[in-house]
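The values are calculated or read from the model by the stated rules, or taken from the named source; none is laboratory data. Everything quoted here is computed from the prediction, not taken from an experiment. Backbone-built Cβ (ideal geometry, glycine too); neighbour counts: all protein chains shown.
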Amino acid sequence: MRLLAWFRSVAAKFFSRSRAAVELEEELRSHIQLRGDDLQRSGLSSAEAERRARIEFGAYQKHKEESHEALGGNFIETFIQDVRYSLRVLRKSPGFLVAAVATLTLAIGANAVVFGIMDGLVLRLLNVPQAESLYGTEYGADPGFQSYPNYLDLRDRNHSFEDLAAFKMVFTGLNTGSNPVSSAGYATTGNYFDVLRLHPYLGRFFTSADERGPNSAPFMVLTWAFWHSHFQDDRTVIGRIVELDKHPFTIIGVAPPGFHGTLLFVSPDFFMPIVNQQQVDGENLLDARGSTQGIFEAFGHLKPRVTLAQATADANSVGAYLAKTHPKEFGQKSVLLGRTGLASFDGNVREFTAALMLLAGLILLAACANLGGLFAARAAERSREVALRLALGSSRARILRQLLIEAVLISIVGGAAGLAGSVVLLRQISLWQPFPGAALHLPVEPDAKIYVFALAMALVSGFLFGIVPVRQVLRADPWEIVKAGSSARLGRRVTVRDVLLGLQIAICAVLVTSSMVAVRGLLRSLHGNFGFEPRNVMLVSNNLAMAGYSGDQVPAMQKRMIAAIETIPGVASVGLVNNYPPLVYTAAFRARVFRETTADLKPSNAAANPFGYAVSPQYFQAAGTGLLAGRDFTWDDNKDAPRVAVVNREFAGAIFGSPSGALGRYFKLQDGTRVQIVGVVENGKYLSLTEDQAPAFFLPFLQAPAVQSFLLVRSNRDPQQLTAAIRNKLSGLDAGLPTQIDTWNNFLDVVMFPARVATMALGVMGLMGAMLSITGIFGMAAYSVSKRLRELGIRIALGAQRTEVLGTALGRALKLLAIGSAAGLVLGLLAARVLASIVYGATPRDPFVMGGVVVAMSLLGLVATWIPAQRALSLDPLILLREE
Amino acid sequence: MPGEAQLLPGTLDLLILKAVSLGPLHGYGVLLRIGQISGEALLIEQGALYPALFRLVRQGLLKASWGTSDNNRRAKFYELTAAGRRRFREETEGWNRLARAMTSALAAEPEEI
């Protein structure tokens with residue numbers, strides 16, 4: 001309200017300006033009249049009296065101005081005058097205006113987008129009450145608090161959390177009518193919604209009271225989004241019975257609209273009690289203490305006055321107790337607590353967005369340096385105007401204020417345009433669904449914070465580049481400039497502009513270098529050796545539990561599916577892998593294996609911690625994984641046959657010294673089973689592209705059955721036709737089995753996603769950096785040519801060669817380009833080390849990158865100096881010397 | 001001109017308050033009154049009076065209204081507000097303290113130390 005009142009008084013002053021001015025004039029006139037009357041009375045003629053009165057009054061205009069200022073309306077008024085004047089000035093140089101606004105639009109837009117992403121992914125908390133005190137366990141590779149029994153112990157033995165809830169993801173066939181569709185949900189503990197302090201939008205939530213042993217609570221709660229899209233906001237849905245993997249579940253409630261589950265990136269369709277997980281997972285994980293699949297994250301509100309460090313220590317002491325009590329099953333060394341929703345991605349996402357923010361900040365800095373240079377050049381060109389204004393009695397403060405207003409006007413327009421662009425882009429990103437079949441949820445819708453951020457950025461950058469010419473103006477000596485003209489001096493010394501341009505080029509070279517490193521890394525990872533050949537392979541994702549299969553029906557059905565697809569013409573080979581093939585959904589299973597001689601199978605005695613897969617005969621052929629020694633599995637490697645395994649070269653080398661030495665040897669699984677190695681295959685990538693070479697072993701799927709599997713179909717046929725043929729064959733076997741069919745390469749998108757996003761972001765930044773350095777060098781070169789026209793003209797008249805003219809005109813710009821690029825290249829290579837953790841194969845020691853940067857920067861310099869160079873060369877000394 | 005004193009910074013405001021405290025005056029009248037009460041010893045540039053007047057109005061120490069002068073000219077008359085009277089008292093005291101201190105300081109003789 002106070003603000004409003006202030007605004008009104010200012011507005012009133014502004015609109016009543018003329019009245020106040022008229023009154024002021026009237027009062028001053030009345031003074032002179034009164035004095036005149038007195039003087040007349042003392043005997044002067046009326047004309048002489050008025051003249052004397054005026055003289056005695058003093059500098060009328062000055063006093064009027066000062067009085068006006070004392071009245072208080074003056075600041076606003078002169079401010080508006082300055083704004084008007086600035087607008088007129090800017091309108092006169094549209095080229096400069098467009099260049100400056102475009103530069104700022106890009107720079108502030110980039111910053112706003114990155115800030116929006118950072119805000120959405122890192123700064124913003126979960127959309128639940130008191131999210132700031134919600135902390136949870138971090139997902140790890142070892143069975144620690146990833147198993148349900150361990151979660152129960154943590155829940156009951158800790159002293160730091162008010163209550164502890166947990167959830168895991170489930171992928172099910174949801175049947176609401178005729179046929180099941182694949183659907184993703186959370187299996188949660190009964191206290192999940194109570195811990196989150198949420199209230200249902202419709203119906204009720206399940207609670208701890210509903211948990212009465214395994215499969216006792218066949219209830220489900222829909223997310224609002226799923227209810228909205230699949231049930232069309234039908235309020236009668238409460239009480240309806242639907243099927244999850246052929247088991248009946250009753251819909252009891254709908255979660256509130258803003259709630260997308262407790263994972264940042266994946267939005268579930270529904271929630272179900274974890275005590276019923278066996279019905280959708282096919283196996284009972286509630287008692288499996290050694291499992292890593294039971295719980296994704298356990299979380300809760302910290303008790304008041306409990307710090308994160310205390311809670312972590314508390315959780316670790318529970319962990320130590322569990323490790324002592326269950327040495328075989330509890331393998332986690334230490335627990336990290338993180339913010340719920342981000343726990344498992346915290347580090348990477350944070351680092352990456354921070355790095356991006358830094359780069360975006362650099363872009364803005366480069367843009368400011370760029371504009372600062374332009375402004376300094378303009379101020380120098382306008383020195384005559386400034387000198388005139390100073391000579392006419394304007395104060396330096398007023399001139400500086402007007403220059404700053406110009407800068408801020410430009411930055412606000414640029415900022416507004418950048419913000420508009422970034423809002424559009426962020427909306428796009430938040431709706432982005434890059435992976436079919438996985439509900440990605442990027443909560444980056446722009447909010448008020450981003451507007452404030454962009455405004456602040458605009459003002460800060462406006463002031464930053466606006467103050468560059470300040471020194472120039474303050475030093476300006478009106479007499480000198482009016483006498484000698486604007487091209488008075490040409491110092492050889494290094495100016496602020498030179499430093500700014502050098503800095504800007506260095507920043508741009510950093511951006512260009514990092515984007516090149518990233519692009520090169522991505523190209524390499526796309527054509528790298530994964531240990532399999534994803535081209536020409538279709539993946540068929542299926543979960544037999546969704547169609548109600550269990551026990552021995554599962555391998556039998558899987559065998560029938562393989563056989564059916566093998567009959568499709570053009571199919572070279574068909575393999576099957578349980579759970580997920582390598583690099584799909586960044587999901588993999590790690591097991592502990594032991595030497596044959598190890599008796600005590602506790603975690604610390606494990607010989608290795610390899611990735612484990614269960615595959616069918618022909619899998620290696622279908623996947624394109626080379627067999628180095630020994631044999632592939634056969635259909636005779638079934639559950640009645642001796643247990644066998646195929647291992648990768650790393651496994652064989654790590655445990656047995658060499659691939660050939662491993663053949664025929666034995667190792668032990670966690671449950672004590674002795675397994676004989678019958679084959680060795682080449683190394684590969686399993687979980688992520690950036691992982692170090694890891695050991696892996698493969699078991700025959702008949703000896704290690706699982707309901708969820710992927711079929712690998714290698715064929716040269718067109719993917720669409722092939723998909724139709726596969727669907728046809730499978731629905732012939734069981735029409736009610738939901739499958740997802742896509743190329744292996746498309747499935748790899750998920751694992752490529754971080755690298756792709758990183759490369760895209762860095763590519764865009766590099767491009768912006770390149771554009772900025774072009775405009776910066778161009779501005780500098782054009783300015784230096786225009787300032788030295790006369791000198792160049794004289795040189796040409798005296799017979800200077802073209803190269804000499806060019807050297808004089810552009811030498812400094814090119815020198816700066818060289819120095820800046822070299823510095824930027826070095827810095828960029830150092831920065832690229834950071835990239836190596838995100839982009840596979842990103843190495844700064846790459847002659848291609850080094851050469852690329854040098855070529856790119858030279859090209860940029862060539863492009864940017866082309867027009868000024870042409871201008872310098874086409875000078876006609878006669879015309880020029882006559883003019884000056 | 002002998003007998004004229006330079007105005008110390010800040011004293012113009014006090015002089016204006018004093019002049020107006022003796023009764024409502026227009027701007028020219030303020031000048032005349034200051035000349036009269038200071039024995040014509042203080043010289044103020046006529047135009048410089050107005051910024052000071054407006055500043056005092058803006059601070060709420062004076063209020064202004066249009067009226068008619070003795071010789072029937074329209075003029076703006078100034079008078080003290082309550083805040084102005086208070087400020088006048090305070091400033092007068094302050095000035096007197098300063099003046100006493102300065103006088104005694106400048107009158108000090110070597111034997112008094």
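Would you mind stating whether residue A:78 is surrounded by fewer than 18 Cβ atoms within 10 Å (Cβ to Cβ), more than 14 Å from chain B (Cβ to nearest Cβ), β-branched (Val, Ile, Thr) and part of a helix (DSSP H, G or I)? Before the answer, list the steps.
Values: surrounded by fewer than 18 Cβ atoms within 10 Å (Cβ to Cβ): yes; more than 14 Å from chain B (Cβ to nearest Cβ): yes; β-branched (Val, Ile, Thr): yes; part of a helix (DSSP H, G or I): yes.
It is true that residue A:78 is surrounded by fewer than 18 Cβ atoms within 10 Å (Cβ to Cβ), more than 14 Å from chain B (Cβ to nearest Cβ), β-branched (Val, Ile, Thr) and part of a helix (DSSP H, G or I).
So residue A:229 ticks every box in (1) assigned to a loop (DSSP other than H, G, I, E, B); (2) modelled with pLDDT under 90 but one. Which box is left unticked?
Failing condition for residue A:229: (1).
Checking the conditions here, which among A:47, A:53 is more than 21 Å from residue B:57 (Cβ to Cβ) and away from chain B (no Cβ under 13 Å)? Explain how you work it out, then say what you get.
On the way: A:53 fails: away from chain B (no Cβ under 13 Å).
The unique qualifying residue is A:47.
Would you be able to say whether some residue in segment A:521-533 is closer than 25 Å to residue A:754 by Cβ, at pLDDT below 80, surrounded by fewer than 24 Cβ atoms within 10 Å (Cβ to Cβ) and of a type in the set (D, E, K, R)?
Scanning segment A:521-533, I find at least one residue that is closer than 25 Å to residue A:754 by Cβ, at pLDDT below 80, surrounded by fewer than 24 Cβ atoms within 10 Å (Cβ to Cβ) and of a type in the set (D, E, K, R), so the answer is yes.
Hey, any hits in segment B:83-102 for a residue that's more than 10 Å from chain A (Cβ to nearest Cβ) and within 20 Å of residue A:67 (Cβ to Cβ)?
Initial filter on segment B:83-102 (more than 10 Å from chain A (Cβ to nearest Cβ)): B:83-102.
If we keep only those that are within 20 Å of residue A:67 (Cβ to Cβ) too, we end up with B:84.
Yes, that holds for at least one residue.
Residues of segment B:70-90 being in contact (Cβ under 8 Å) with a residue 40 or more places away in the chain and surrounded by fewer than 17 Cβ atoms within 10 Å (Cβ to Cβ), which ones? Step through it out loud before you land on a result.
Initially, segment B:70-90 is screened for residues in contact (Cβ under 8 Å) with a residue 40 or more places away in the chain, giving B:75-80, B:84-85, B:87-88.
Listed by number, the residues that qualify are B:79, B:85.
If a residue must be in a helix (DSSP H, G or I) and free of Cβ contacts under 8 Å to residues at least 60 places away in the same chain, how many such residues does segment A:542-558 contain?
Quick first cut of segment A:542-558, residues in a helix (DSSP H, G or I) only: A:544-547, A:553-558.
Now restrict to residues that are free of Cβ contacts under 8 Å to residues at least 60 places away in the same chain: A:553, A:556.
Of the residues in segment A:542-558, 2 are in a helix (DSSP H, G or I) and free of Cβ contacts under 8 Å to residues at least 60 places away in the same chain.
I'd like to know if segment A:610-626 contains one or more residues that are within 45 Å of the chain's Cα centre (by Cα), within 30 Å of residue A:320 (Cα to Cα) and assigned to a loop (DSSP other than H, G, I, E, B).
The answer is yes; a qualifying residue exists.
The rows are residues; the columns are (1) modelled with pLDDT under 80; (2) surrounded by 14 or more Cβ atoms within 10 Å (Cβ to Cβ); (3) over 27 Å from residue A:362 (Cβ atoms).
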{"residue": "A:84", "(1), (2), (3)": "no, no, yes"}
{"residue": "A:93", "(1), (2), (3)": "no, no, yes"}
{"residue": "A:98", "(1), (2), (3)": "no, no, no"}
{"residue": "A:101", "(1), (2), (3)": "no, yes, no"}
{"residue": "A:104", "(1), (2), (3)": "no, yes, no"}
{"residue": "A:110", "(1), (2), (3)": "no, yes, no"}
{"residue": "A:113", "(1), (2), (3)": "no, yes, no"}
{"residue": "A:117", "(1), (2), (3)": "no, yes, no"}
{"residue": "A:120", "(1), (2), (3)": "yes, yes, no"}
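Which condition number does residue B:20 fail, the rest of (1) away from chain A (no Cβ under 14 Å); (2) of a type in the set (Val, Ile, Thr); (3) surrounded by fewer than 19 Cβ atoms within 10 Å (Cβ to Cβ) being met?
(3)
Got at least one residue in segment A:127-146 being at pLDDT below 90, crowded, with 19+ Cβ neighbours inside 10 Å, small (Gly, Ala, Ser) and not in a helix (DSSP H, G or I)?
Looking for residues that are at pLDDT below 90, crowded, with 19+ Cβ neighbours inside 10 Å, small (Gly, Ala, Ser) and not in a helix (DSSP H, G or I), one finds at least one in segment A:127-146, hence yes.
Quick grid of which residues meet (1) touching a Phe, Trp or Tyr at 6+ places or on another chain (Cβ under 9 Å); (2) more than 9 Å from every other protein chain (Cβ to nearest Cβ); (3) under 20 Å from residue A:52 (Cα atoms); (4) modelled with pLDDT of 90 or more:
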residue	(1), (2), (3), (4)
B:40	no, yes, yes, no
B:43	no, yes, yes, no
B:46	yes, no, yes, no
B:51	no, no, no, no
B:54	no, no, no, no
B:57	yes, no, no, no
B:65	yes, yes, no, no
B:69	yes, no, no, no
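I need a count of the residues in segment A:678-710 that are more than 42 Å from the chain's Cα centre (by Cα) and either crowded, with 24+ Cβ neighbours inside 10 Å or not aliphatic (A, V, I, L, M) (or both).
Residues that pass the stated criteria total 2.
Give segment A:383-399 a look and list any residue that's touching a residue at least 40 places away in the same chain (Cβ under 8 Å) and surrounded by fewer than 18 Cβ atoms within 10 Å (Cβ to Cβ), or say none. Before the answer, list the steps.
Taking segment A:383-399 as the starting set, the residues that turn out to be touching a residue at least 40 places away in the same chain (Cβ under 8 Å) are A:383-384, A:386-388, A:390-391, A:396, A:398-399.
Once the filter is applied, which keeps residues that are touching a residue at least 40 places away in the same chain (Cβ under 8 Å) and surrounded by fewer than 18 Cβ atoms within 10 Å (Cβ to Cβ), segment A:383-399 yields A:384, A:388, A:391, A:396, A:398.
What's the number of the condition residue B:96 fails, among (1) at pLDDT 90 or above; (2) touching a strand residue (DSSP E or B) at 6+ places or on another chain (Cβ under 7 Å); (3) not charged (D, E, K, R)?
Every listed condition holds for residue B:96 apart from (2).
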